[in-house]
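To start, the structure under review is shown below, and the notes come after it.
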Amino acid sequence: MIINEHHYGGTLIRAYVTPGDRIELHTFSNGALQTVKVFRVGDTAEHDSYNLRYLGTIRSITAKSVVIRPAYGSSMKRLNFNTFSWRNWNFDLGDAEAYNSQVSRNL
């Protein structure tokens with residue numbers, strides 16, 4: 001079931017959610033499926049950004065949101081599907097960690 005659908009630039013992102021299990025982000029360009037990213041409870045995802053990309057562990061996936069425990073700090077972050085989708089539709093953990101490392105060296 002499509003829970004959320006929106007455009008980010010020229011890319012259409014559809015979020016398919018199975019509460020308690022996973023959220024799938026399907027990206028389309030010119031009507032053709034480009035990528036599928038699957039996030040499950042326990043996976044790492046981005047929840048915020050400023051100079052760095054803030055990452056955390058997905059603690060739960062509900063019918064309305066994704067709850068993430070930040071790597072640093074104790075308060076949970078609740079992202080609606082629109083916010084989760086645009087932050088994570090092209091997420092790559094290696095790229096995020098490399099970016100944070102590079103920015104940290106330059107501060």
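A few comments on the model shown:
- Some residue of segment 71-78 being in a strand (DSSP E or B), under 20 Å from Val17 (Cα atoms), touching a residue at least 12 places away in the same chain (Cβ under 8 Å) and out of contact with any Ser or Thr (no Cβ under 9 Å at 6 or more places or on another chain): yes
- Subset of segment 6-51 (residues that are under 16 Å from Leu79 (Cβ atoms) and of a type in the set (D, E, K, R)): Arg22, Glu24, Lys37, Arg40, Asp43, Glu46, Asp48
- Residue count for segment 31-66, restricted to those that are more than 25 Å from Ser101 (Cβ to Cβ) and either free of Cβ contacts under 8 Å to residues at least 12 places away in the same chain or outside any strand (DSSP E or B) (or both): 7.
- Taken together, Glu24, Glu97 contain a single residue that is among the acidic types (Asp, Glu), within 13 Å of the chain's Cα centre (by Cα) and either modelled with pLDDT of 95 or more or not in a strand (DSSP E or B) (or both), which is Glu24.
- Residue, surrounded by the fewest Cβ atoms within 10 Å (Cβ to Cβ), within segment 42-70, restricted to residues that are closer than 17 Å to Leu93 by Cα and in contact with an Asp or Glu (Cβ under 7 Å, 6 or more places away or on another chain): Arg53
The values are calculated or read from the model by the stated rules, or taken from the named source; none is laboratory data. Fair warning: this is a prediction, and the values are worked out from it, not measured in the lab. Note: ideal-geometry Cβ built from the backbone for every residue, glycine included; neighbour counts use all protein chains shown.
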